[in-house]
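Taking it in order: structure first as structure tokens, then the write-up.
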Amino acid sequence: MKKGPTYQELEQATRFAAWIVVEYGEQYAPIFDRLEAELNKLSPRDRAAQFLKSNPPQTLEGGVKAIR
């Protein structure tokens with residue numbers, strides 16, 4: 001059973017909501033605010049872990065660098 005949206009899903013929805021606010025007006029800002037608040041509910045450690053899953057560190061040669 002799925003607990004809720006993933007970090008990536010929240011991030012994508014927040015990005016889309018931000019675009020809607022810019023393109024169509026501030027009446028849509030509450031949706032953006034709610035999504036942003038959901039992202040911020042995650043602990044900094046959880047947000048950092050999710051960020052690294054989506055954006056792994058890279059070496060100068062472009063390979064993935066191991067973090068220990």
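For the peptides 34-43, 5-14, the ranking by packing is 5-14, 34-43, with the highest mean count of neighbouring Cβ atoms within 10 Å listed first. Using the 1.4 Å probe convention, the accessible area of segment 10-51 works out to 77 Å² per residue with neighbouring protein chains retained.
The values are calculated or read from the model by the stated rules, or taken from the named source; none is laboratory data. Computed from a predicted structure; not experimentally measured. Glycine gets a Cβ as well: all are built from the backbone with ideal geometry, and neighbour counts include every protein chain shown. In case anyone asks, the SASA skips ligands and DNA or RNA and just uses the protein heavy atoms, side chains included. Shrake-Rupley method; radii C 1.70, N 1.55, O 1.52, S 1.80 Å.
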